[in-house]
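Note sheet for the following structure.
Please treat every number below as a calculation from the coordinates, not as lab data. Computed from a prediction, not measured in an experiment: that's the story for all the values here. Cβ: placed from backbone, ideal geometry, glycine included. Neighbour counts: every protein chain shown.
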Amino acid sequence: MTQTQDTPHQGPGFLDEVKDAVTVRAAVLVIGVLALQLAFITSYIGAFHKPTPHEIPLAVAAPSAQVADQAVRRLSELPGDPLDPRAVADQATAVRQIENRDVDGALIVDPRGSVDRLLVASASGASLSQALAAVVGRAEAAQQRRLTIVDVVPDAPGDARGLSSFYLVVGWCVGGYLCAAILAISAGARPANTARALIRLGVLLLYSLVAGLLGAVIAGPVLDALPGSVLALGGLGALLVFTVGAITLALQGLAGVVGIGLAILLVVVLGNPSAGGAYPYPLLPPFWRAIGPALPPGAGTFAARSIAYFRGNGAGGPMLVLAAWAVGGALITLLCGMLRLRGTGARGRAESPGGTGAPGGTGSAGAPGGARTEPTG
């Protein structure tokens, strides 16, 4: 009797395990994450590493038009164009323009003495009022004149450096894209049909109303960080959360799970550093200064400061920007649902030998006898 010796079974090698564990799709997604991370670093450092004043709107008032025009000419000729001066009739007009957010400060010239006054609004951002004081102070010193700083719209005691509006907006934005991302993870990145798209938008709307109001309550009555109308801030928050969520749903409908990364790129990587939070627009480099007002974080931050400190003045334009993003995101989400449903129906008819609902054939989802099953996602 002969005995055969079994050879030990050789398991897969390490390289085989790597190939099995790391798919091509996973590798592409990891590379995409690396690109997103590097873009984050580039955007934030690029926006904040060297704040430089550029064309800060400044009203100039003096007892006579001739003195005011001379001051405007002198300030407009400063190297690097740090100021955008314009003459106004008097101090009352200058204060009104600051409160309307038409200008960021005002120089009140007193030709009878050697001391002029600079009116600032630290509620627009402490870094902006400090930069304005530094630029105008150097210009005054060159003329052997002194400067007195008057804060006509100060920030609240609980709003250090006027940053609470920005952080509130960041929190609202995070809630918007996380809510949309969770809806995608739980039921498929792309909505299966128009009804599913409507359901997602409806859930997002309810979430936005709650998140907007609660955020305003926390920033206002609870922490006493922001003054102004809680209901107005809550309405802004609801619009902002829905806007960011609708953008995320739209990008998911177009690109699947990758759309979440695209939303982060738009809102976090590009939107947050250009929002005018830590450094308002006149202190940002040209690229970030140009895109900031058109993106949700920038529009939200400007509107939040307007509501909190300026009686809503200047908030109309940013609110229209948010509304445009919200409508566009919702329409694209619905369109993606409609196109996916149409594509699914076409595939079902092509695969069915007897046609949709034909006796004895298969339905659009492959159910026997023409029965239709609800798509998932």
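Could you tell me which of MET319, LEU266, GLN252 has its Cα farthest along the dipole of region 160-345 towards the positive end, charges placed at Cβ (Lys, Arg +1; Asp, Glu -1), taken about the Cα centre? Value: GLN252. Taking θ as phi - 60° and the Karplus parameters 6.51, -1.76 and 1.60, the scalar couplings of region 240-246 work out to 5, 4, 5, 4, 5, x, 5 Hz in sequence order, x denoting glycine and proline. In this simple spin-label model, placing a label point 7 Å from the Cα along the Cα-to-Cβ direction at both THR42 and SER229 gives a separation of 4.3 nm. Note on LEU29, LEU334, LEU119: ascending count of other Cβ atoms within 10 Å places them as LEU29, LEU334, LEU119, the fewest first.
All other residues whose Cβ lies under 15 angstrom from that of TRP288 are scored, Lys and Arg at +1 and Asp and Glu at -1, for a net of +1. Computed log10 I(q)/I(0) for region 56-151 at 0.10, 0.11, 0.21 Å⁻¹: -0.21, -0.25, -1.02, from the Debye equation with unit scatterers placed on every C-alpha and solvent omitted. Sorting LEU75, LEU128 by the number of Cβ atoms found within 10 Å of their own Cβ, with the fewest placed first, yields LEU75, LEU128. Computed from the alpha carbon atoms alone, the convex hull of region 160-345 holds 99 Å³ per residue. Among MET338, MET319, a tally of other beta-carbon atoms within 10 Å of each Cβ gives an order, fewest to most, of MET338, MET319.
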